[in-house]
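K.L.:
Structure below; questions to follow.
The values are calculated or read from the model by the stated rules, or taken from the named source; none is laboratory data. These figures come from a predicted structure and were not determined experimentally. With ideal geometry, Cβ positions are generated from the backbone for all residues, glycine too; neighbour counts draw on all protein chains shown. Surface accessibility is based on the protein's heavy atoms, side chains included, excluding ligands, DNA and RNA. Shrake-Rupley method; radii C 1.70, N 1.55, O 1.52, S 1.80 Å.
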Amino acid sequence: MEVLAHNKARINARYDSWCFNRGLLPAGISFIFFLYNLFTGIGVGLFWVWLGFALLTGFVALMYLDLYLRWHRAVETVSVQHEMLVIEYHKCIFKRRKEIPLSAIRKMETYTGHGGWYWGTVPETLSVTYSNSIKYNFGICMSDSRRDDLARKIMDLAQRYV
């Protein structure tokens, strides 16, 4: 196993409030509505609808909390194991491990912009394109020079296995 990068998240105040506002606040409000309807005597059918809605928003809240932990407390390890690029996150709610075959990597670029399904902006990360169209973003809290060096190392390794 060859470790290419070991990144530790650091606090960035710019990304603090959006996780709370977009995840925990709606889940808390839906839970309050669920409890209100539970104690005011709703029918059995509506009970299951509200329970499902509360569980769904609770899951969304956990996803946002996981994103918050990813940008503030996570430890990311980028390594090469058995001709695969392995990206692992620790100290998150949902432990993440992504394996990408080095022979499938087509392009590495710096990603800036919206964070996809979570409707917010994220710090600059690396975006790896593999198997012609699939993209995966990684590289938490890296300086520009370290990010460029890591991208260059990965592309050099990918060229060896093509």
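K.L.:
Mind checking which residues of the stretch 91-106 are open to solvent by 20 Å² or more (accessible area, probe 1.4 Å), in contact with a strand residue (DSSP E or B) (Cβ under 8 Å, 6 or more places away or on another chain) and at pLDDT 90 or above?
P.N.:
Arg97, Lys98, Glu99, Pro101, Arg106
K.L.:
If I go through the stretch 83-99 residue by residue, how many of them are more than 16 Å from the chain's Cα centre (by Cα) and not in a loop (DSSP other than H, G, I, E, B)?
P.N.:
Narrowing the stretch 83-99 to residues more than 16 Å from the chain's Cα centre (by Cα): 83-85.
Restricting the remaining residues to those that are not in a loop (DSSP other than H, G, I, E, B) gives 84-85.
Number satisfying all stated conditions: 2.
K.L.:
Considering only the stretch 64-82, I want to know if a residue exists there that is over 30 Å from Arg146 (Cα atoms), in a helix (DSSP H, G or I), open to solvent by 20 Å² or more (accessible area, probe 1.4 Å) and modelled with pLDDT of 75 or more.
P.N.:
Here is the first cut: in the stretch 64-82, the residues over 30 Å from Arg146 (Cα atoms) are none.
No; the residues of the stretch 64-82 include none that is over 30 Å from Arg146 (Cα atoms), in a helix (DSSP H, G or I), open to solvent by 20 Å² or more (accessible area, probe 1.4 Å) and modelled with pLDDT of 75 or more.
K.L.:
While we're looking at this one, here's another question. His114 fails exactly one of the following numbered conditions: (1) at pLDDT below 80; (2) touching a Lys or Arg at 6+ places or on another chain (Cβ under 6 Å); (3) open to solvent by 70 Å² or more (accessible area, probe 1.4 Å). What is the number of that condition?
P.N.:
Unmet for His114, out of (1) at pLDDT below 80; (2) touching a Lys or Arg at 6+ places or on another chain (Cβ under 6 Å); (3) open to solvent by 70 Å² or more (accessible area, probe 1.4 Å): (2).
K.L.:
For the stretch 7-56: of the residues being within 19 Å of the chain's Cα centre (by Cα) and open to solvent by 100 Å² or more (accessible area, probe 1.4 Å), which is modelled with the highest pLDDT?
P.N.:
Lys8
K.L.:
Quickly run through the stretch 62-92 and pick out the residues that are of a type in the set (D, E, K, R) and over 24 Å from Leu102 (Cα atoms). Talk me through it step by step, then tell me what you get.
P.N.:
Going residue by residue through the stretch 62-92, those that are of a type in the set (D, E, K, R) are 66, 70, 73, 76, 83, 88, 91.
Passing the criteria: Asp66, Arg70, Arg73, Lys91.
K.L.:
Restricting the search to the stretch 128-149, which residues are assigned to a loop (DSSP other than H, G, I, E, B), among the small types (Gly, Ala, Ser) and within 27 Å of His72 (Cβ to Cβ)?
P.N.:
Correct list: Gly139, Ser143.
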